[in-house]
Amino acid sequence: MARPSASRRTAVVWEVLRGALDQRVKTDGKEALDVLDTGGGTGNLAVPVAELGHRVTVVDPSPNALFGLERRAAEAGVEDRIRGVQGDAHGLFEVVERGGFDVVLCHGVLEYVDDPAEGLGNVVAALRPEGGTLSLLAAGIGGAVLGRALAGHFTEARQALTGPDGRWGESDPMPRRFTVEQLTGLVDATGLDVTAVHGVRVFADLVPGALVDTEPDAEEALVRLESAASELPAFQAVASRLHVLAEARYHDR
């Protein structure tokens, strides 16, 4: 099956997530999992997950995004396995069942919620009490610092490095960024066990797109480079996004 769109930026997350879904199937002995995608938007990951045969509920605050999700699911022929509902992490259990999911995706959510610890706690509470898997993706401070510095914006780079939320200024569109330690600390506080950390978009945001598009086999080579660097702490520290995989076990819940 093809990777989600924009593969050079999403390949690492997709490969890790697909492996985690396969492992969850083996662990639980189920043919199909119930997956919750919080902030799933138009279904960039939800649709490929549904194509694997799983049932996916997407929660997103944007009606336009949910309309796009419905259209994308129909085009892929998986509309019977995808349900979109309007909501957010704060009021999650107004729209979905607590403890009703085998896997929860929390991608691009913690940057925007008022209280990341509360938001993540709600997301984790959606996992089944007997165990489940969390896939957490959030913006990394190091990638912003490196990006601003390479663009010649050294004051902004320093602000992102030293500021409390990893922002490079008032015009920064990202409300909050995280270090690996901050993200894993939030996960630890929920009682889940962190099983893997990956740096995402270590190079993809820095390499000119024209170079990748014109050089033969460049995109596939870049994807392989991203994969090789993703598990190394030195490169995680400068990644634009950080991905944390965690497991909930019965004795922790």
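Of note:
- Taking the criterion of being in contact with a helix residue (DSSP H, G or I) (Cβ under 6 Å, 6 or more places away or on another chain), assigned to a helix (DSSP H, G or I) and either of a type in the set (Val, Ile, Thr) or surrounded by fewer than 18 Cβ atoms within 10 Å (Cβ to Cβ) (or both), the only residue of the range 173-194 that qualifies is Val180.
- The sole residue among Leu134, Leu150 that is of a type in the set (A, V, I, L, M) and open to solvent by 70 Å² or more (accessible area, probe 1.4 Å) is Leu150.
- Out of Ala117, Ala20, Ala65, sole residue that is open to solvent by less than 60 Å² (accessible area, probe 1.4 Å), of a type outside the set (S, T, N, Q) and either without any contact (Cβ under 8 Å) to a residue 24 or more places away in the chain or in contact with a helix residue (DSSP H, G or I) (Cβ under 7 Å, 6 or more places away or on another chain) (or both): Ala117
- Scanning the range 195-238 for residues that are among the hydrophobic types (A, V, I, L, M, F, W, C) and part of a helix (DSSP H, G or I) turns up Ala210, Leu211, Val212, Ala218, Ala221, Leu222, Val223, Leu225, Ala228, Ala229, Ala234, Phe235.
- The condition (being closer than 19 Å to Leu137 by Cβ and among the acidic types (Asp, Glu)) is satisfied by just one residue among Glu94, Glu111: Glu111.
- Of the residues making up the range 153-172, those that are among the small types (Gly, Ala, Ser) and either surrounded by fewer than 19 Cβ atoms within 10 Å (Cβ to Cβ) or in contact with a His (Cβ under 7 Å, 6 or more places away or on another chain) (or both) number 3.
- Here the condition is being surrounded by 14 or more Cβ atoms within 10 Å (Cβ to Cβ), out of contact with any strand residue (DSSP E or B) (no Cβ under 6 Å at 6 or more places or on another chain) and modelled with pLDDT under 95; of Ala204, Ala210, it holds for Ala204 alone.
- Just one residue in the set Arg9, Arg81 is more than 27 Å from Arg201 (Cβ to Cβ), open to solvent by 10 Å² or more (accessible area, probe 1.4 Å) and touching a residue at least 24 places away in the same chain (Cβ under 8 Å); that residue is Arg81.
- Candidate set: the range 213-241, residues that are closer than 9 Å to His198 by Cα and of a type in the set (D, E, K, R); chosen: the one surrounded by the most Cβ atoms within 10 Å (Cβ to Cβ): Arg241
The values are calculated or read from the model by the stated rules, or taken from the named source; none is laboratory data. Given the structure is predicted, the values throughout are model-derived calculations rather than measurements. All Cβ positions, even for glycine, are placed from backbone atoms using ideal geometry, and neighbour counts span all protein chains on display. Only protein heavy atoms, including side chains, enter the accessible area calculation; ligands, DNA and RNA are left aside. Shrake-Rupley method; radii C 1.70, N 1.55, O 1.52, S 1.80 Å.
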